[in-house]
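Just below is one structure, and these are the notes that go with it.
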Amino acid sequence: MHQKASAQARGYLWAALFLWLVWELAARRLGTPMLPTPEMAFTATLRLLQGNLGEHFWVSTYRVLLSMTLSLLFGVPFGLVMGFEPKVDRVLAPLVYITYPIPKIVFLPLILLLLGLGDQSKVFLITLIVFFQILVTTRDAVRKIPLETISSFLSLGAKRIQVYRYVLLPASLPDVFTALRLSMGTSVAVLFFAESFATTKGLGYFIMDAWSRSAPDEMFAGILAMGVLGVALFILTDVMDHVFIRWQHVQR
Amino acid sequence: MIQVSHCSVAYGEPGERVMVYENFNLSVSRGESLVMIGPSGCGKTTLLYIMAGLLKPTEGEVQIDGKTILGPRKETGFILQEYGLFPWLTVEENVSLGLRVRHLPRPANRSKVNAILGEMGLLSVRRHYPSQLSGGQRQRVALARALTLDPDLLLMDEPLSALDALTRERLQLLLLEIWQRGDLTSVLVTHSIEEAVFLGQRILVLGANPAIVLAEVENPEAGSAGYRQTRLFYERCTQVRSLLEGGQT
Ligand SMILES: Nc1ncnc2c1ncn2[C@@H]1O[C@H](COP(=O)(O)OP(=O)(O)OP(=O)(O)O)[C@@H](O)[C@H]1O
Ligand SMILES: [Mg+2]
């Protein structure tokens, strides 16, 4: 476990060094003020952390985490029920299939109108998008569970309702985590979009604001912060993955 | 103990229904050890599901101890062909699952689970997950889980089919020992003729489409010491084999 963690840390270190190198080379080569060197970006980051970059970072983090949590809280139960109860699925699946492909982002003006310019509208938009990804994955994971597994559980004298907690949920968790990882990219992208409109808080706003003020080093400080946010989310998911689905990580 | 009366089972949509059973009858008495053998797809698993209360026959009924079976029964243990264990639970958690879902008091459970794990030789792997076990260990876990519920009826669907010859024989002895211990009725499905003759006091040879009992072989010597090495054992195997072959022509 310890060894694995340090190997992982080394992996991140190498990746960071590699990206630094590419960035450095590109910046020198292009020589445009639109792409500052890493040093300039880091200096700006350190300077801005004295200011309010940290606050923007936490606002964005809070929004993403809350949205992901809400998506899980709604998506997983609905997915479990739809996967296990064909009658419910027959009613809800068409609804999901019709609404899922519609780009929810187009509703942003409406959402802003109804929920205001604060956290609520951003959280709602991200949740609306990620919820579907979690729901569909969970439902399909449930459908993959062999009937024998459920039969053997029922033969122990379990009630039908207990199947949810003892079979469907644990069996679909690995797929839920995959969906979570994929949704992470989506949610950060949507967050950026939502924060670049009519708001004064969050990394999206920070980046767009730096851009409009033609301060590329500050803009890249914001981009770095967004990268850190993304990595932190992935690490958090990996940790939860190890805690909640330990059985997938044992040595065979 | 078990009465299967006039059972019919059909699978599939109306129009292209396949009759697996038609007016099928069978009775098993208390304490008996019955083995079913027959060609793949003839309906052995289906019959066990009906006896376990997991599948309703299209017609007819199953009674156990005079009571019609409408759902899984508390005292019936069922060991499936595959997928019976939960990969996300440790050995110990798998074994105590039946007790947990029945909300039985915990301390009593723990000592019972410990005793059974010890008896099955699973104490050293109690914290392992099924993916870390050998096939033989896995089947012992499945058996242990059924035994925690003090079953009076054990239904087993090819429990030993995935094992190597020696492990298989060891587990056959274990099954025998469990069965001989008390008044446990057991119904076992197997594709192995030797296993059928070694374990079954009565052997049902089944045929297909729809399933019928081709022959019943009385085999009261099953379970006696050294039976496997006797001439009688060998002759019974030959007899069962020819009955099976006869059914396929
Ligand atoms: N859920 C199902 N839907 C449709 N047909 C089924 C279903 N389950 C079983 N059958 C059919 O019923 C017949 C009996 O199946 P069953 O599983 O009981 O056979 P079996 O004797 O246990 O076979 P095996 O020895 O291969 O395990 C087979 O022809 C099978 O195709
Ligand atoms: Mg079968």
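Read-outs throughout are calculated quantities, based only on the coordinates presented, and are distinct from any laboratory measurement. It should be emphasised that the depicted structure is a prediction, and the values quoted were computed from it without experimental measurement. A quick note on method: Cβ atoms are made from the backbone with ideal geometry, for glycine too, and the neighbour counts reach across all protein chains shown.
Below, the figures for the structure above:
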read-out: Average other protein chain Cβ within 10 Å of Cβ, residues B:86-96; value: 3
read-out: Distant alpha-carbon pairs in the protein assembly as shown (separation over 31 angstrom), percent; value: 59 percent
read-out: Filter on A:144/B:67; A:87/A:122; A:104/A:159; A:159/B:44; A:144/B:56; A:4/A:104 - keep pairs with C-alpha separation over 29 Å; value: A:144/B:67; A:87/A:122; A:104/A:159; A:4/A:104
read-out: Proportion of all alpha-carbon pairs of the stretch B:15-79 beyond 20 Å (%); value: 29 percent
read-out: Intensity falloff of chain B expressed as log10 I(q)/I(0), Debye formula with alpha-carbon point scatterers, at q = 0.16 Å⁻¹; value: -1.23
read-out: Signed unit charges on C-beta, dipole axis of the stretch A:52-248, positive-most listed residue A:125, A:146, A:210; value: A:146
read-out: For A:14, A:211, A:247, order by how many other beta-carbon atoms lie within 10 Å, fewest first; value: A:14, A:211, A:247
read-out: Positive-pole candidate from B:203, B:184, B:120, dipole of chain B, charges at beta carbon; value: B:120
read-out: Magnitude of the charge dipole, the protein assembly as shown, Cβ model with Lys/Arg +1 and Asp/Glu -1, debye to 20; value: 1060 debye
read-out: Between the stretch A:29-106 and the stretch B:169-237, the Cα center-to-center distance that results, in Å; value: 61 Å
read-out: Share, in percent, of DSSP beta bridges within the protein assembly as shown that are antiparallel, nearest 5; value: 55 percent
read-out: Per-residue mean of C-beta atoms belonging to partner chains within 10 Å, peptide B:130-142; value: 1
read-out: Ellipticity estimate at 222 nm from DSSP helix runs (n ≥ 4, -39,500 (n - 2.57)) divided over chain A, nearest 500; value: -26500 deg cm²/dmol
read-out: Helix-derived mean residue ellipticity, 222 nm - over chain B, DSSP H n ≥ 4, -39500 (n - 2.57), to 500; value: -11500 deg cm²/dmol
read-out: Crossing angle, helix B:106-119 versus chain B [Cα axis fit, 0-90 degrees, rounded to tens]; value: 70 degrees
read-out: Overall dimensions of the stretch A:100-196 by Cα: Rg and Dmax, Å; value: 18.0, 55
read-out: Residue order, fewest to most surrounding Cβ atoms within 10 angstrom, among A:180, A:224; value: A:224, A:180
read-out: Pairwise centroid distance, computed over Cα atoms, of the stretch A:152-187 with the stretch B:38-80, Å; value: 28 Å
read-out: Ratio of the Cα radius of gyration of the stretch A:82-127 to 2.2 N^0.38 Å, where N counts its residues; value: 1.51
read-out: Shape category assigned to the stretch A:156-252 from the gyration tensor of Cα positions, a/c cut at 1.5; value: prolate
read-out: Order of B:150, A:175, B:157 under a 10 Å beta carbon neighbour criterion, fewest first; value: B:150, A:175, B:157
read-out: Highest to lowest packing among B:18-24, B:162-168, scored as the average C-beta count within 10 Å; value: B:18-24, B:162-168
read-out: Nearest 10 degrees, 0 to 90: helix A:169-195 Cα axis against chain A principal axis; value: 30 degrees
read-out: Under 5 Å, built H, 5+ apart or other chain: amide partners of residue B:185; value: B:31, B:153, B:154
read-out: log10 of Debye I(q)/I(0), alpha-carbon scatterers only, for the stretch A:52-248 at 0.12, 0.15 Å⁻¹; value: -0.67, -0.93
read-out: Folded to 0 to 90 degrees: helix A:119-144 orientation relative to chain A principal axis, Cα; value: 40 degrees
read-out: Percent of Cα pairs exceeding the 20 Å cut-off, where the set is the stretch B:81-150; value: 18 percent
read-out: Computed magnitude of the charge dipole of chain B (debye, nearest 20; Cβ of K, R +1, Cβ of D, E -1); value: 960 debye
read-out: Residue of B:59, B:32, B:16 that the Gaussian network model of chain B assigns the largest fluctuation, springs spanning Cα pairs under 10 Å; value: B:16
